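K.L.:
Structure below; questions to follow.
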Amino acid sequence: MFRDRIEAAERLAQRLEHLKDSYPLVLAIPRGGVPMARRLADLLEGELDVVLVRKIRAPGHPEYAIGAISEDGSMKLDEAASRFPQPAVEREAEQQKQLLKERRQRYSPVRPPIPPEGRTVVVVDDGSATGATMEAALKTLQGRTERLIAALGVAPPSAVARLEALADEVVCLEVPRHFMAVGQFYADFGQVEEEEVMELLGQ
């Protein structure tokens with residue numbers, strides 16, 4: 001178990017120390033990934049930004065993710081999405097896309113998006129149950145970076161396997177077979193508020 005997100009970031013930095021001379025672009029998946037990415041970017045002497053993706057929730061089951069969507073509109077749906085009415089899934093996807101647009105409008109005045117072209121890019125999240133959100137983020141970056149790395153605190157083996165097909169390297173500190181939720185692996189897993197995200201991006 002990690003003490004908190006900062007400890008997880010520091011352990012990731014140890015695993016990624018070889019990137020220190022490459023001035024990496026560290027992209028956080030908000031909101032939980034932002035404190036980790038801020039610490040990681042500082043330790044690796046890189047730049048910090050966010051990559052905006054949202055989970056697509058199952059209609060009537062908001063805790064159950066059936067895919068993810070990125071701010072450019074690209075969408076990845078799991079097989080489970082076919083069990084729900086398509087119009088309801090499309091409405092949910094449109095709602096999440098609008099939330100991404102609003103989030104970018106909030107973040108951009110703090111720091112405009114940093115182009116990933118030709119950079120070593122590290123995409124960071126505190127953890128992933130299915131890999132869907134990280135997968136969507138990686139897909140928006142494929143073909144644009146010099147090297148693409150996924151960095152997570154914790155994820156089950158099935159999620160890590162999905163990500164390994166999309167990234168040049170996947171660094172996941174803990175890969176437990178018995179996985180219930182990301183929060184069970186953090187002693188302190190408090191919610192990261194928007195104000196904290198904007199403050200960290202502005203540092």
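The values are calculated or read from the model by the stated rules, or taken from the named source; none is laboratory data. Small disclaimer: the values here were computed from a predicted structure and weren't measured. With ideal geometry, Cβ positions are generated from the backbone for all residues, glycine too; neighbour counts draw on all protein chains shown. The protein model used for the area step is the full one, side chains on, heavy atoms only, and it has no ligands, DNA or RNA in it. Shrake-Rupley method; radii C 1.70, N 1.55, O 1.52, S 1.80 Å.
K.L.:
Are there any strands (runs of 3 or more DSSP E) wholly within region 113-182 with 2 or more residues that are open to solvent by 10 Å² or more (accessible area, probe 1.4 Å), and if so which?
P.N.:
Those strands (runs of 3 or more DSSP E) span 120-125, 169-174.
K.L.:
For A65, work out the one condition from (1) open to solvent by 10 Å² or more (accessible area, probe 1.4 Å); (2) more than 30 Å from P87 (Cα to Cα) it doesn't fulfil.
P.N.:
With (1) open to solvent by 10 Å² or more (accessible area, probe 1.4 Å); (2) more than 30 Å from P87 (Cα to Cα) applied to A65, the lone miss is (2).
K.L.:
Okay, moving on. Only one residue in R57, R106 is open to solvent by 10 Å² or more (accessible area, probe 1.4 Å), part of a helix (DSSP H, G or I) and not aliphatic (A, V, I, L, M), so which one is that?
P.N.:
One residue alone meets the criteria, R106.
K.L.:
Another question about this same structure. Does region 87-97 contain any residue that is open to solvent by less than 80 Å² (accessible area, probe 1.4 Å), on the phi < 0 side of the Ramachandran plot, charged (D, E, K, R) and in contact (Cβ under 8 Å) with a residue 60 or more places away in the chain?
P.N.:
First, the residues of region 87-97 that are open to solvent by less than 80 Å² (accessible area, probe 1.4 Å): 87-89, 92-93, 96-97.
With the extra rule that they be on the phi < 0 side of the Ramachandran plot, the set shrinks to 87-89, 92-93, 96-97.
Applying the additional criterion that residues be charged (D, E, K, R) yields 92, 97.
From what's left, in contact (Cβ under 8 Å) with a residue 60 or more places away in the chain: none.
No, every residue in region 87-97 fails to be open to solvent by less than 80 Å² (accessible area, probe 1.4 Å), on the phi < 0 side of the Ramachandran plot, charged (D, E, K, R) and in contact (Cβ under 8 Å) with a residue 60 or more places away in the chain.
K.L.:
Related question: Which numbered condition in (1) over 15 Å from the mean Cα position of the chain (by Cα); (2) modelled with pLDDT of 95 or more is the only one that G153 fails?
P.N.:
(1) is the only condition that G153 fails.
K.L.:
If D49 satisfies every condition in (1) open to solvent by less than 30 Å² (accessible area, probe 1.4 Å); (2) under 11 Å from the mean Cα position of the chain (by Cα); (3) at pLDDT below 95 but one, which is the exception?
P.N.:
It fails just one condition, (2).
K.L.:
With the requirement that a residue be farther than 19 Å from T133 by Cβ, open to solvent by 50 Å² or more (accessible area, probe 1.4 Å) and outside any helix (DSSP H, G or I), what does region 12-32 give you?
P.N.:
Y23, the sole residue that qualifies.
K.L.:
Let me ask something else about it. Just checking, does region 36-46 include any residue being closer than 19 Å to T140 by Cα, within 17 Å of the chain's Cα centre (by Cα) and surrounded by fewer than 24 Cβ atoms within 10 Å (Cβ to Cβ)?
P.N.:
So far as region 36-46 goes, no, none of its residues is closer than 19 Å to T140 by Cα, within 17 Å of the chain's Cα centre (by Cα) and surrounded by fewer than 24 Cβ atoms within 10 Å (Cβ to Cβ).
K.L.:
Moving to a separate point now. Identify, from the list G33, G67, the residue that is within 30 Å of A88 (Cβ to Cβ), out of contact with any Phe, Trp or Tyr (no Cβ under 6 Å at 6 or more places or on another chain) and at pLDDT 95 or above.
P.N.:
After ruling out the rest, the residue left standing is G33.
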